Amino acid sequence: MRISLYSVFFMTVLAGAPAVALAQAPATPPPAPAQTPAEPLAPVINIIGEDYHVEFQAGAWLAMPWTVQYSDTESTTSTANGTTTTTVVNGSLVDFRSLLGLKNQVFPEGHITVKLAPKHKVRGEYIPAFFKQTTTIATTFQYNGQTYKAGDSVESTYRWSAWHAAYEFDPLTVDRGYLGGMVAVSSLNISAATADSAQSGTASVNILMPGLGATGRYYVSGNLSVSGDFLFYYLPGSDTSTHGHMIDAQFYATYNINKHAGAQVGYRFADSGHVWNSPLNTGSMTIGGPFVGGTAHF
């Protein structure tokens, strides 16, 4: 009985005691991550000279030939006492530089680029080179079916001209420049003539060759860029059939005065060789030299 009274009393005390709200302490927020200082943004360069649809380039090339050789074999026909005789006169490999006195000269050159889309361009180029000289030869040679003897005063000309047409695609373009490839075709025109007081002769060839190449440009600053072009042309063939090759490379710097005009300075190298069948005509030329010029953008 005593235990029951104690139990009732204890339950009554608990029931009358004020309720104590046990509030859960708020969780401490995790510390904010340390903020790293923002990296400085690379300055945006205002490129001058690339916003164009048509680009013209013209310059003067100081052509310094290293090798200029040409050979022309001809068949001569003569009639005596009603009998016609045909004789093949094998041409000598004439060195126009060392034997005929060909010298360095300055020639014009012209280029045009049309931008079809940001990564697509068509290009055209024309380079004429014409050498003329007179010298007393030290060695006898045969050219164009004729014989020139040592001691003769011989006037000679050598014309080398080439035009190129190319399609350019630039797969890599960045703020400061581009890298691209080219598919091209070239027409190589070579004509050489010799003459003395009694005779003269001319031989010429025109060979069309396909080619591939690469091009690139990098802007050192907004106004100044460096560029390079390399093209290799090749027409396959055997030793007795018409064939040829040509390398055309140039490296140059351009300073754009404003968005429409600029100045250029650079170096050009060209190497060509050919074999023309019927009549047999062979030749080679290696030439290089600096050039200066200007460019216009529209």
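The values are calculated or read from the model by the stated rules, or taken from the named source; none is laboratory data. All values reported here derive from a predicted model rather than from experimental measurement. A quick note on method: Cβ atoms are made from the backbone with ideal geometry, for glycine too, and the neighbour counts reach across all protein chains shown. Each accessible area value is taken on the protein alone, full model and side chains, heavy atoms only, with ligands, DNA and RNA left out. Shrake-Rupley method; radii C 1.70, N 1.55, O 1.52, S 1.80 Å.
State which residue is modelled with the lowest pLDDT when the search covers only the range 145-183 and only residues that are of a type in the set (A, V, I, L, M) and either over 22 Å from Gly216 (Cβ atoms) or more than 13 Å from the chain's Cα centre (by Cα) (or both).
Among those that are of a type in the set (A, V, I, L, M) and either over 22 Å from Gly216 (Cβ atoms) or more than 13 Å from the chain's Cα centre (by Cα) (or both), it is Ala162.
Give me the pairs: first residue in the range 74-103 and closer than 24 Å to Asn277 by Cα, second residue among the acidic types (Asp, Glu) and surrounded by 11 or more Cβ atoms within 10 Å (Cβ to Cβ), beta-carbon distance under 8 Å, and six or more apart or on different chains, which are they?
Val88/Glu74; Val89/Glu74; Gly91/Asp72; Gly91/Glu74
So how many residues does the range 149-164 have that are farther than 19 Å from Gly91 by Cα and buried (at least 16 other Cβ atoms within 10 Å of the Cβ)?
Matching residues across the range 149-164 total 4.
Considering only the range 202-228, state which residues are touching a residue at least 40 places away in the same chain (Cβ under 8 Å), surrounded by 17 or more Cβ atoms within 10 Å (Cβ to Cβ) and within 23 Å of Gly262 (Cα to Cα).
Thr215, Arg217, Tyr219, Asn223, Ser225
Kindly establish whether Tyr234 is modelled with pLDDT of 95 or more, open to solvent by 40 Å² or more (accessible area, probe 1.4 Å), under 30 Å from Gln69 (Cα atoms) and in contact with a strand residue (DSSP E or B) (Cβ under 9 Å, 6 or more places away or on another chain).
yes
Please work out which residue is farthest from the chain's Cα centre (by Cα), limiting yourself to the range 188-201 and to residues that are open to solvent by 10 Å² or more (accessible area, probe 1.4 Å) and of a type in the set (S, T, N, Q).
Ser197
Given the conditions (1) open to solvent by 50 Å² or more (accessible area, probe 1.4 Å); (2) touching a residue at least 24 places away in the same chain (Cβ under 8 Å); (3) within 19 Å of the chain's Cα centre (by Cα), report the number of the one that Ala138 does not fulfil.
Failing condition for Ala138: (3).
Going by the structure shown, is Tyr255 of a type outside the set (Asp, Glu), open to solvent by 10 Å² or more (accessible area, probe 1.4 Å) and closer than 14 Å to Gln57 by Cα?
Considered against the rule, which asks whether it is of a type outside the set (Asp, Glu), open to solvent by 10 Å² or more (accessible area, probe 1.4 Å) and closer than 14 Å to Gln57 by Cα, Tyr255 comes out as yes.
Return a yes/no flag: does the range 285-297 have any residue that is of a type in the set (A, V, I, L, M), modelled with pLDDT of 95 or more and either open to solvent by 70 Å² or more (accessible area, probe 1.4 Å) or over 22 Å from the mean Cα position of the chain (by Cα) (or both).
Yes, the range 285-297 contains at least one residue that is of a type in the set (A, V, I, L, M), modelled with pLDDT of 95 or more and either open to solvent by 70 Å² or more (accessible area, probe 1.4 Å) or over 22 Å from the mean Cα position of the chain (by Cα) (or both).
When the range 74-101 is examined, which residues are found to be in contact with a Ser or Thr (Cβ under 9 Å, 6 or more places away or on another chain) and among the small types (Gly, Ala, Ser)?
Ser75, Ser78, Gly91, Ser92, Gly101
Give Gly49, Gly59, Gly16 a once-over and let me know the one that is open to solvent by less than 70 Å² (accessible area, probe 1.4 Å), under 30 Å from Val122 (Cα atoms) and modelled with pLDDT under 90.
Every option except Gly49 fails the conditions.
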